[in-house]
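The values are calculated or read from the model by the stated rules, or taken from the named source; none is laboratory data. These figures come from a predicted structure and were not determined experimentally. A quick note on method: Cβ atoms are made from the backbone with ideal geometry, for glycine too, and the neighbour counts reach across all protein chains shown.
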Amino acid sequence: MGGPAVNKKQDDIILCQFRELELAYPELDLKKTPKGSWIIEGILRFKSNLNGAPFKSAFKIRLIIPPNYPEMYPWVWEIGDRIPEDYEHLFTNKSFCLGARIVVYKKFASDRRLLPFVRNQVVEFLSQFCYLMEYGKLPWGELSHRYGTLAHYQEFFSITETRKVLGMLKFLADNRRKNKFDGRIHCPCESGKRIKSCHDVQLREDALCPNHIFRNDIYTILKGLNDDDRRDVIGNSKVIPREYALKLEEEFRIKTDAVKGDKKKGEQLSFNFP
Ligand SMILES: [Zn+2]
């Protein structure tokens, strides 16, 4: 133990937060890998209620606490072979897709502790899986609404065109100054109005989130586009020029390598442009 890589303050935060988590879920253990990452592993036993259906269940889970915790929330896996590998709401590396990244981030940012993260987001995810197994459908009906990154932003910005949503996300991804941008510049939604009389509130709220969320979300959206939207965005658009798309591709490759160590496989991030 010891050495320059040890972050004493972060260790204290994690140890303290784990004590609180352990009171609610005593079958979870905290350990540190030889490389210095914190991992929480064990049985998560919970009771919950979805659409009036009470659930009692237990899953064997693993949480990997990211190096920049509590700036970012932990990654979560189910390791007891109950959730099939092809379950729709898993990332490529089989970690839980707890919802649209920005929504998960904002929920976590409202209370950066392990207990609320596990009790609300992880237990909710697992309850939904239980509900699906029991009733053959998810409790909220349409999946795309709940999980779709694009759908989230369409609703949040009240914009339907994918191209315009991406323009907003590009603005947020490029903004390095938290919410201190000039409200007099033209709004990236293409309305022709200045930000201060257009999407000021939404942009300032989202601009408090880390830039990489928006870069990842642009990637998620680009990956899910249908051919028409892809042409509109990559081929003809002035909003996301090809150079920017290529730059993004480069950035994601770099990012993939950077996170590989901790995420094990890492999400497979690669672009296929027409
Ligand atoms: Zn606007």
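Determine which single condition Glu41 fails, assuming it passes every other condition in (1) farther than 30 Å from Tyr219 by Cα; (2) loosely packed, with under 15 Cβ neighbours inside 10 Å; (3) charged (D, E, K, R).
(2)
Testing Ile102 on (1) out of contact with any His (no Cβ under 9 Å at 6 or more places or on another chain); (2) away from the ligand (no atom under 16 Å from the Cβ); (3) not polar (S, T, N, Q), one condition comes back false. Which one is that?
The one condition Ile102 does not meet is (1).
Enumerate the pairs (first residue in segment 68-81 and at positive phi; second residue anywhere and surrounded by 14 or more Cβ atoms within 10 Å (Cβ to Cβ)) with beta-carbon separation below 9 Å, excluding pairs fewer than 6 apart on the same chain, so at least 6 apart or on different chains.
Note: pairs meeting the criteria are Asp81/Lys60.
Is it the case, given these coordinates, that Val122 is surrounded by 19 or more Cβ atoms within 10 Å (Cβ to Cβ), away from the ligand (no atom under 15 Å from the Cβ), hydrophobic (A, V, I, L, M, F, W, C) and at pLDDT 90 or above?
On the way: surrounded by 19 or more Cβ atoms within 10 Å (Cβ to Cβ): yes; away from the ligand (no atom under 15 Å from the Cβ): yes; hydrophobic (A, V, I, L, M, F, W, C): yes; at pLDDT 90 or above: yes.
So Val122 passes the test.
How many residues does segment 157-205 hold that are at pLDDT 95 or above, under 17 Å from Ile221 (Cα atoms) and either not in a loop (DSSP other than H, G, I, E, B) or not assigned by TED's automatic domain parsing to the domain that holds Leu222 (or both)?
So the answer is 1.
Taking segment 186-219 as the region of interest, how many residues are within 11 Å of the ligand (Cβ to nearest atom), aliphatic (A, V, I, L, M) and surrounded by fewer than 15 Cβ atoms within 10 Å (Cβ to Cβ)?
Step one: filter segment 186-219 for residues within 11 Å of the ligand (Cβ to nearest atom), giving 186-203.
Cutting the leftovers down to aliphatic (A, V, I, L, M) gives us 195, 201, 203.
Narrowing further to those that are surrounded by fewer than 15 Cβ atoms within 10 Å (Cβ to Cβ): 201.
Of the residues in that region, 1 qualify.
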